[in-house]
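Bear in mind these aren't lab numbers, they're just calculated from the coordinates by the rules spelled out. Keep in mind it's a predicted model, so treat the numbers as computed, not measured. Cβ atoms come from the backbone with ideal geometry, glycine included; neighbour counts cover every protein chain shown.
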Amino acid sequence: MSGSPNDPSMTPRPLHPATIAVTAGRPPHEPDEPLNVPITMTSTYVATGDLEYGRYGNPTWSAFEEALGALEGGRALAFASGMAAATTLLDLVGQDGGVVAPRHSYSGTIAALADFESRGRLHATLVDIVDTAAVIAAMEADEDCALLWLESPTNPALEIADIPALVAAAHRLGIQVVVDNTFATPLLQQPIALGADIVLHSATKYIAGHSDVLMGALVTAHEDVYAALKGRRDLMGAVPGPFETWLVLRGLRTLHVRLERAQANATELARRLADHPAVEEVRYPGFGAIIAPVLVGGVDAADFLVRATSLWVHATSLGGVESTFERRRRWKLEATSIPEGLVRMSVGIEDVEDLWNDLVQALDRIS
Ligand SMILES: *Cc1c(COP(=O)(O)O)cnc(C)c1O
């Protein structure tokens, strides 16, 4: 063992994300400590400590928050779902404040913005997120704009925002920026390092990774924003159960391995799909594991495809180990600018040849 404090090998080096995913938030390495944080099932704590009551804090949440915070470069707060995180954040926008958001945001986000707007709480401006100049113009045009909502890649159009340019413009105007990082995960994109103020996750998706739990999170590197979000979570009560949090933390431990395999499968399937005559175009930003082929045959072809496979499961949601897909326009809430024949595919970690064979036998039968 090296020992001298001046030994250069003792200088701590920043850990790589894979190591953080596995090691952050664990109990101390001391005799009889469990390796994994236990599930602390309690509604209250013996008084005069730091926690006091189950809505304010929980040791299982803290372990998850430490791990996600370390990956995103900020302090994390666990929520009951991605939408619980989203609506808690929107509730912090002042009366009559403005929010600029992608027109192809996750449909639940669009619905929440419309709901807040219909109750006279705030006003939303929906923009084409790839048109950086138009997004900046929308922020400049609204003197009450308080929040720039980014989602990149968008769900399900898979558009990419120029996050550093938009953050710089927003901050010049005194506008805070949140990035919904659900699709990219902190392994492929770290919005705080790109200047964003807040990161939002539907942990239901890649972070949990097994399609068996709902949870959400917000992360920020600003202490005042953290305190405001924590205060709002305490009041709104949008908190997850300790067991759910433990499941999500268990999922997070393998995020890097799952994502690497899913991304490799997605890259290969995007390439092969683009060459199939039943496919008009394939949307794929070049990273991550969501791909969105648009079928030549439109609605009918897409509806046929999602019923004609045996491995691919026709289901909404994404980010699990298993491959799922759906025609997004089957949802009334989905933007009408999304093509009717677009099938959003969440590529899992199965063998890529099996996934391809299952798809191609169906695609070949589309007349
Ligand atoms: C699913 C999803 C959400 C909402 O998260 P829930 O956990 O379902 O509440 C938000 N943003 C994106 C990009 C999503 O895919």
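Along segment 131-144 the Karplus relation, 6.51 cos²θ - 1.76 cosθ + 1.60 evaluated at θ = phi - 60°, assigns HN-Hα couplings of 8, 4, 4, 5, 5, 5, 4, 5, 5, 5, 6, 10, 5, 9 Hz to successive residues, with x for each Gly and Pro.
In terms of the mean number of neighbouring beta-carbon atoms within 10 Å, the peptides 222-230, 131-139, 198-206 order highest first as 198-206, 131-139, 222-230.
Each Lys and Arg adds +1 at its Cβ and each Asp and Glu adds -1 at its Cβ; summed about the Cα centre, segment 256-366 shows a dipole of about 420 debye.
Protection proxy ranking of 259-271, 351-363, 95-107, by the mean of other Cβ atoms within 10 Å over each peptide's residues and highest first, is 95-107, 259-271, 351-363. Starting from the Cα of Arg119, move 7 Å in the Cα-to-Cβ direction to define the label point; list residues of segment 79-104 whose amide nitrogen is under 20 Å from there. In segment 79-104, the label zone of Arg119 (backbone N under 20 Å from the point 7 Å along Cα→Cβ) covers 79-101. Each listed q (0.12, 0.16 Å⁻¹) maps to a log10 I(q)/I(0) for segment 17-252, found by the Debye formula over equal Cα scatterers with no solvent: -0.65, -1.10.
Over its Cα atoms, what ratio of radius of gyration to 2.2 N^0.38 Å does segment 256-366 give? It is 0.96. When both bridge partners sit in the chain, DSSP labels roughly 55% of those beta bridges antiparallel.
Comparing Pro27, Pro156, Pro339 in a Gaussian network model of the chain, where Cα atoms under 10 Å apart are tied by springs, the biggest mean-square fluctuation is seen for Pro27.
Farthest towards the positive end of the charge dipole of segment 10-85, among the residues Asn36, Thr48, Ala21, is the Cα of Ala21, using unit charges on the Cβ of Lys, Arg, Asp and Glu. Rounded to the nearest 20, the size of the Cβ-charge dipole of segment 17-252 about its Cα centre is 380 debye, with Lys and Arg at +1 and Asp and Glu at -1. Mean-square fluctuations from a GNM of the chain, with a 10 angstrom spring cutoff on Cα atoms, peak among Pro34, Pro191, Pro153 at Pro34.
Can you tally the net charge around Leu295? Count Lys and Arg as +1, Asp and Glu as -1, for every other residue whose Cβ sits under 10 Å from the Cβ of Leu295. Spell out each step's value before the answer.
Numbers: positive: Arg327; negative: Glu280, Glu281, Asp300, Asp303, Glu340.
Here the charged neighbours net out to -4.
Between the listed residues His210, Thr132, Thr185, the Cα displaced farthest toward the positive end of the dipole of segment 92-237, a dipole computed from Cβ unit charges relative to the Cα centre, is found at His210. Close amide H partners of Asp180, meaning residues 5 or more places away or on another chain with modelled amide H under 5 Å apart, are Leu150, Glu151, Ser152, Leu200. When the alpha carbon coordinates of segment 28-102 are projected onto the principal axes, the ranges are 54, 30, 19 Å, largest first.
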